[in-house]
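Every read-out reported here was derived from the displayed coordinates using simple, explicitly stated rules and does not represent laboratory data. No experiment lies behind these values; they were computed from the predicted model shown. Neighbour counts run over all protein chains shown; Cβ positions are idealised from the backbone, glycine included.
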C-alpha cells in the first residue's frame, strides 16, 4: 500500500522533530501515514546515529553563562560540538543556555553517574541501607537512582520538563544536528558559598 505524503504532513513532522525534509518524508512513508509512529521512527534512528557519533572528537563549541536575577546565583558551562558551524546555530546556543540554567537551578556535583567516585557511591548506598533496614536490593537501586538524579547533571530531570532527563535532551540535539555534543565542564556559583 502506497501512502501519499502531503507537504502538510512533512511540515507537521518537521515541527515536532526538527528532522530534515527527506527524513520526515521517508519516516511517514515507512509509518504508512501515522505521524506518531513516524516521529518514533525518527527518534529511534536519531538515537542510533547519536550512539555512532559518541566517539567523534568535539573540540568546537561555546562557554555559556547564566546569572539568576538578583545576581546571587550563576553558572558557567562549556558545551562542545564537532564544528564551529553547529556551535553558531540557535539550537546549539539554546541548548547551552538551558544547560547553564539547569546547573544554576539544580546544583549537580558531577557530570555523569560514571564520574561519581566509587567510595562515595558505596557510602551513599550504605547510608540508604541503614535508613531503611530490610530494604530489598531493588528498593536500594531505586533510591540510588534518585540520588544520582540529584548528583549527576546528565541524570537530572530537565527543569522545564521533568519527563525528560538532561542526557536525553543532549541525545535529541545530537540526533537533530548530526554532530557529537558533549558537556566538557561546568561550575556553579552562589553568593556566600
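Looking only at 140, 111, 41, which one moves most when the chain is put into a Gaussian network model with springs between Cα atoms under 10 Å?
Top of the fluctuation ranking is 140.
At 0.36 nm per residue, and after removing the present C-alpha to C-alpha distance, how many nm does the segment from residue 6 to residue 142 gain when stretched out fully?
44.4 nm
Scaled to the compact-protein estimate 2.2 N^0.38 Å, what is the alpha-carbon radius of gyration of region 97-154, rounded to two decimal places?
That works out to 1.26 for region 97-154.
Mean residue ellipticity at 222 nm from the helices of the chain, using -39,500 (n - 2.57) per DSSP H segment of n ≥ 4 over the full residue count, to the nearest 500 deg cm²/dmol?
The helix-only estimate for the chain comes to -16500 deg cm²/dmol at 222 nm.
Which of the peptides 154-161, 165-172 is most tightly packed, and how do the rest follow, going by the mean number of other Cβ atoms within 10 Å of each residue?
Ranked by mean Cβ neighbours within 10 Å, highest first: 165-172, 154-161.
Taking the Cα atoms only, what angle lies between the long axis of helix 35-53 and the longest principal axis of the chain, rounded to 10 degrees?
Relative to the chain, helix 35-53 is tipped by roughly 60 degrees.
May I ask for the angle, rounded to the nearest 10°, between helix 90-106 and the longest principal axis of the chain, with both axes built from Cα atoms and the value confined to 0 to 90°?
20
Could you state the orientation-averaged shadow area of the convex hull built on the Cα atoms of the chain, in nm² to one decimal?
14.7
Once both labels are modelled 7 Å past Cα along the beta-carbon direction, what's the residue 89-residue 189 spacing in nm?
If labels sit at residue 89 and residue 189, their model points lie 3.1 nm apart.
Of the peptides 122-135, 60-73, 21-34, how do they stack up when ordered by the mean number of other Cβ atoms within 10 Å, highest first?
Those peptides, ordered most packed to least, come out 21-34, 60-73, 122-135.
Grab the beta carbon distance between residue 44 and residue 124, set R0 = 30 Å, and tell me the FRET efficiency rounded to 0.05.
That gives a FRET efficiency of 0.35.
With N denoting the number of residues in region 64-107, provide Rg(C-alpha) divided by 2.2 N^0.38 Å, to two decimal places.
With N residues counted in region 64-107, Rg over 2.2 N^0.38 Å equals 1.22.
So, in nm, how far is label residue 22 from label residue 115 when the simple model puts each one 7 Å beyond its Cα toward the Cβ?
3.8
For helix 166-177, report the angle its Cα long axis makes with the longest principal axis of the Cα atoms of the chain; keep it between 0 and 90° and round to the nearest 10°.
Helix 166-177 sits roughly 30 degrees off the main axis of the chain.
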